[in-house]
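Some notes on the structure that comes next.
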Amino acid sequence: MAVKISTLEERISVPAEGDNPLNTQEYFINMGPQHPATHGVLRLMLKLDGETVREVIPVLGYIHRGIEKIGEHQTYRQFVHLTDRCDYLSAMMNNWAVSLMVEKAMQTQLNDRIEYIRTIMAELERIQSHMLWWGVLGMDLGAFTPFLYGFRDREMITDIFEETIGCRLTMNYIQPGGLMDDIHPNFVKRVKDVIAYAKPKIDEYEELLSGNVIIQERLRNVGTITAEQATSLGVTGPVLRASGVALDLRRVAPYGAYGQVDFEVAVGSVGDCWDRYWVRVEEIRQSFRIIEQLIDNIPAGKTMLSKPAKKIILPEGSHYAQLETARGILGIYAVSDGKSENPVRIHMRSPNYHNVWSVDAMTRNARIGDLVANISSLDIVVPDIDR
Amino acid sequence: MNPAELTHTIVFYGLALVSIVAALLVVTVKRIFRAAVALATVLVCGAGFYILLDYDFIAGIQLLVYVGGIVILIVFAVMLTSSLEDTEIRPSKSRKALGIISSLGFLATALIAFQSTSFPLSAPTPEQPSDVALEIGRKLLGYGSDGYVLPFEIISLLLLSAVIGAIVVARNPLKKSSDLSGQSEQSDGSAT
Amino acid sequence: MTEKSPQDNKHPEKPAQQPSTPESSAPKPTPPPAPAKPEEQVEKPPQPPELTLKVCAAISECKPYSAASDCPTVEVIPENLVKVLTALRDNQDFAFSMLMDHTAVDRIEDGKFELVYRLYSLTTLSMLLVSTKIPRDKPIIPTVSHLWDIAEWQEREVYDLFGVLYDNHPDLRRVFLEDDWVGFPLRKDYKDDFMLTLDIDSLRE
Amino acid sequence: MLENLLTHSAFEILTLSDRAAQALAENPWEAAGYTLLALGGTGAFLSLLGMALIYVERKVAAHFQCRLGPMRVGWHGMLQSIADALKLLQKEDIIPEKADKLLFFLAPVFSIIATVLALIIIPMSPSLQVVDLNIGVIFISAVGGFGVLGILLAGWSSNNKWSLLGAMRAGAQFISYEISVTLSLLVITLLAGSLQLSEIVQSQQDGWWIWRGHIVGVVAFFVFIISSTAELNRPPFDLPEAESELTGGFHTEYSGLRFSFFFLAEFINMFIASALGATLFFGGWMPFHIGGFETFNSIMDLIPPGLWFAGKTAFIVFLMMWVRWTFPRLRVDQLMRLEWKFLLPVGFINLFAAATIVLTKLYFFPGQ
């Protein structure tokens, strides 16, 4: 068996032109790593035929920090602090995934207060993440105004986070065995204020963007992936649900307080950008609904297990836990030798890494403008792709 | 010579100089894109001459059709052609000889024509230029002895067939590529 | 499971695949007073989980995983990998239509790489881990990228970080590191010039 | 002379070029003075207007987005544009190594020249016009080609594929939408019976064409606004720049002074398009008149024509800004479809309708 290892250079060498002199020349062009539409340092090699995109080759690694390697030299509690800077828009959900894995392995029982607060925080974060995405989608499609609207409303939620946690983006609040600290006394009131303020804003968003004929033209039947394609491509989260697969871990494998609340899972049917768009907008509404059900009933109790263990040593064997972040399923896979505080191997099943590859299937033979819409509708966060 | 005539003369020679230099550049410059720009300059100078002769309408049409249309199309075609930017055009010897012969022939024809035509020095004062446009319109669409509607229609037929031919030629490769890739080509009316 | 669409969504609602029963695939810490849904606790370490037994019964090439794992796990030898995974994907009883994750573990003490394939079924909502071990000095395994599209890139990641070679892979190429990078960083014996070694004495000087 | 510029007794038309031509026979120095005044005036007007428009655009955008916009430099940020201009002038002038340096240098010059050429024939008030060409409408269309030539050169000479794509888009877009602009200009030409801008203004003494030409006028106005927005490369038709697609398109590689040329040209072109729209459809500096209502008309005449012109132009400028900060961008094939499958047929039908209306005199006040 001889395995052929290719390089990027070979990959992008343009084959000789065909015999038809009217055939235009295909050429490769770099989109990124510094490009306004790639949301960070994602680099795409585009094979273009004029305006038509023949192939998209994502080139990753510009923000690869070797978090999995670093994780092998850290305790689980330390590793939590690395995860929040992967998918920085789902920072707490990343923390939660590690905590979930540890708690599952240690068979820790948590009280309801912890679960409720975790759930509320995660949903707040989902809302702010989707709001940011909503604004950025507008900007990618050439409308700058939604960007500022999205940011304005997101600010109110980050203010709440700041009050309780002390920071606004890369938050470390959820820890194995509980929470870093109790919620701020103002927390409940402010969350209610935000719900009262932001819920009508969703309708305003719909008026500004969703009803716009150009947005409809730009999103409908653009970047369609069927349910079969989506499952085979391993996409998760809103992208998968937009294709008609109702896989939402909050519903099919409830964790936290999700088993106790009533909400609907938004599912699309066509799998185009428009479905991905409204699935997320609908998720904002459903997240508000979840928070509304929980916010008044946060039970009393401790926010940390009575005595946090000094050392967390997981039992020998492999452990896995997964949850639904704003972008899809985040899984934490850890292999422990049962002796050391450090994992033998820790691996993050990153939703963005799995989602980003579908951009090629979505964009073949579409225009550059569609490519931008597709990237935007995938809602990728590059540090989570590279880890 | 009164100041008005003086300005007139100065402007004329200025334009003439610029257009001769630019015309030489069109044929001598190696990079085809620069040649296109020089060509645009020549055409603009042509418009300038028309304005000096008070033929404002012709000048406007010259700018509209040649600079706004033809030069842009040439530039566009240059952009679409692949890798012309670096190739220096080095014609073969026989081609050079042919070129010299044909340009000499053209020069001779022009000189003979110049010699055999008597240029009336006291040209009749041009009509009110806005009426010129009116008159051109009348002639172009008029029939009878002084009308040009027949040639006008023939030219439009020719252009129509050229446009349809261009669309047919341009469509073929598109079809093939959309057959190869299962996804349907999005229809567009992009410039053909 | 409910779906909701805005009124102007022109597409008829027909989810292609829809999970029906909210069975717990990832057992979770259930809060003690949980009135909504009593969850069955999965706690039987010595006996392999039911799914493992079912898979092993249906596909003879599999055997239960020898080491400890918190999820149903089967073990196969590398030669049978493609066959087993194809069967698991196409068998209607299992229908593991999603390759949720694929990664490797460097078992340096055994001189092996353990490759794990995490399959997920959208019909039964169950998860299965397929594990196979290949020697560290000859890390070649057939690709499964023809079964699941995503496997192409998951395998590229494993190649990039572990140096596992995938036979018949359409585009085996580094994914995070540059093409001329030497070595495979997630191997336990990986060393390079930039790695931080904690030599405090030299730092003090 | 100053009185002449400000008053408008009987709407006497006297452009700077006319004055220069008249003076040339008697006193060449006076003619030279007028020429200098025209050149300097245009230059000063261009830069001041450009800065003002940039300030206004930023303020309008800010208020659409629920924020304040520039507030620090001067009262409500009035001097922000000057600060920006100074910053742009000080910036390092970068020319890409493999660029065609001559063309790279020429491209912004082409753009700004086209803008100046278009600016000089706009009649801003009866005596505030530099040249009054009798082929004004054709001239405006013709010099537009110059501007797009600048964009094409910029895209080509940068030696950057994104720039080239932007330039190609600009070229295709300009050639396509130029047809619609011309078709809507022709409607007014038909109604007014002249190509000369000042005569078109004069022809609206009994009312502006947008209501005198009723349906035809309104349709032509909308076709004009849409297609001239496209020609100006303003959102939702900003595909040649398309920041999120082409990273800035044709001006990706430009910086400093050269970039400011493009920037200035873009904003002045917006003014020119608005002024042209105001001139053709809203009567330019002509006050709001209704044929036959002499008293009403004379009351309207109390407002100076310069103000009328400025007000109408400002209205269209605001319209364009409003559209820009509301709509997302079209895709390149949708852009072409809009032109070739919608605007072009509408424009042709409208032109036929206009011809019919002119022949049957079915528009309002056909008396003159």
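The values are calculated or read from the model by the stated rules, or taken from the named source; none is laboratory data. The structure displayed is predicted, hence computed values, not measured ones. With ideal geometry, Cβ positions are generated from the backbone for all residues, glycine too; neighbour counts draw on all protein chains shown. These area figures cover heavy atoms from the full protein model, side chains too; ligands, DNA and RNA do not enter into them. Shrake-Rupley method; radii C 1.70, N 1.55, O 1.52, S 1.80 Å.
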> Which residues, taken from the stretch A:340-354, are aliphatic (A, V, I, L, M) and assigned to a strand (DSSP E or B)?
Replying inline: A:I346, A:M348
> Filtering the stretch A:259-289 down to residues that are surrounded by fewer than 24 Cβ atoms within 10 Å (Cβ to Cβ) and among the aromatic types (F, W, Y), which residue is nearest to the other protein chains (Cβ to nearest Cβ)?
Replying inline: A:W278
> From A:V344, A:V372, which residue is on the phi < 0 side of the Ramachandran plot and open to solvent by less than 10 Å² (accessible area, probe 1.4 Å)?
Replying inline: A:V372
> Limited to the stretch A:105-155, what total is found for residues that are closer than 17 Å to A:Y173 by Cα and aromatic (F, W, Y)?
Replying inline: 1
>> Among the residues in the stretch C:80-90, are any surrounded by fewer than 13 Cβ atoms within 10 Å (Cβ to Cβ), more than 7 Å from every other protein chain (Cβ to nearest Cβ), at pLDDT 50 or above and in a loop (DSSP other than H, G, I, E, B)?
In response: no
>> Filter the stretch A:254-297 down to the residues that are β-branched (V, I, T) and under 16 Å from A:N374 (Cα atoms) and list them by number.
In response: A:V270, A:V279
>> For the stretch C:138-149, check the following and say yes or no: at least one residue is part of a strand (DSSP E or B), modelled with pLDDT of 85 or more and among the aliphatic types (A, V, I, L, M).
In response: yes
>> With the condition being among the aliphatic types (A, V, I, L, M) and under 20 Å from the mean Cα position of the chain (by Cα), I'd like the helices (runs of 4 or more DSSP H) fully within the stretch D:281-368 carrying at least 1 qualifying residues.
In response: D:305-324
> Which residues, counting only those in the stretch A:110-157, are of a type outside the set (D, E, K, R), in contact with a strand residue (DSSP E or B) (Cβ under 9 Å, 6 or more places away or on another chain) and open to solvent by less than 10 Å² (accessible area, probe 1.4 Å)?
Replying inline: A:L110, A:I114, A:I117, A:M121, A:A122
> If we scan the stretch D:200-207, do we find a residue that is under 19 Å from the mean Cα position of the chain (by Cα), farther than 25 Å from D:K341 by Cβ and within 14 Å of chain B (Cβ to nearest Cβ)?
Replying inline: yes
> How many residues are within 14 Å of another protein chain (Cβ to nearest Cβ), under 20 Å from D:L185 (Cα atoms) and touching a Ser or Thr at 6+ places or on another chain (Cβ under 7 Å) when one looks only at the stretch D:324-354?
Replying inline: 4
>> modelled with pLDDT of 85 or more and facing another protein chain (nearest Cβ under 9 Å): which single residue out of A:L22, A:L110, A:L89, A:L100 fits that description?
In response: A:L100
>> Looking only at the stretch B:12-56, filter to residues that are closer than 28 Å to D:A21 by Cα and either modelled with pLDDT under 80 or of a type in the set (S, T, N, Q) (or both); which one of those is most open to solvent (accessible area, probe 1.4 Å)?
In response: B:Y55
> What residue, among those in the stretch A:306-322 that are over 14 Å from A:R77 (Cα atoms) and in contact with a strand residue (DSSP E or B) (Cβ under 8 Å, 6 or more places away or on another chain), is nearest to the other protein chains (Cβ to nearest Cβ)?
Replying inline: A:G317
>> Exactly one of these conditions fails for A:I225: (1) of a type outside the set (S, T, Y); (2) at the interface with chain C (Cβ under 7 Å from one of its Cβ atoms); (3) within 21 Å of A:R349 (Cβ to Cβ). Give me its number.
In response: (2)
>> Could you check the stretch A:46-60 and list, in sequence order, the residues that are of a type in the set (D, E) and not in a loop (DSSP other than H, G, I, E, B)?
In response: A:D49, A:E55
>> Being facing chain A (nearest Cβ under 8 Å) and at positive phi is the filter here; which residues of the stretch C:99-127 pass it?
In response: C:L125
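Is it the case that the stretch A:323-339 has a residue that's of a type in the set (S, T, Y), assigned to a helix (DSSP H, G or I) and within 12 Å of chain C (Cβ to nearest Cβ)?
Scanning the stretch A:323-339 turns up no residue that is of a type in the set (S, T, Y), assigned to a helix (DSSP H, G or I) and within 12 Å of chain C (Cβ to nearest Cβ).
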> Within the stretch A:347-366, is there a residue that is farther than 30 Å from A:E55 by Cα, open to solvent by less than 10 Å² (accessible area, probe 1.4 Å) and over 19 Å from the mean Cα position of the chain (by Cα)?
Replying inline: no
> Is it true that C:V130 is touching a strand residue (DSSP E or B) at 6+ places or on another chain (Cβ under 8 Å), in a strand (DSSP E or B), more than 10 Å from every other protein chain (Cβ to nearest Cβ) and surrounded by 22 or more Cβ atoms within 10 Å (Cβ to Cβ)?
Replying inline: yes
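One line per residue, one yes/no per condition, for (1) at pLDDT below 50; (2) more than 13 Å from chain A (Cβ to nearest Cβ); (3) within 27 Å of A:A97 (Cβ to Cβ); (4) surrounded by fewer than 15 Cβ atoms within 10 Å (Cβ to Cβ):
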{"position": "C:E3", "(1), (2), (3), (4)": "yes, no, yes, no"}
{"position": "C:P19", "(1), (2), (3), (4)": "yes, no, yes, no"}
{"position": "C:K37", "(1), (2), (3), (4)": "yes, no, yes, yes"}
{"position": "C:Y65", "(1), (2), (3), (4)": "no, no, yes, no"}
{"position": "C:P72", "(1), (2), (3), (4)": "no, no, yes, no"}
> Does B:I70 satisfy the criteria of being out of contact with any helix residue (DSSP H, G or I) (no Cβ under 7 Å at 6 or more places or on another chain), at pLDDT 80 or above and within 14 Å of chain D (Cβ to nearest Cβ)?
Replying inline: yes
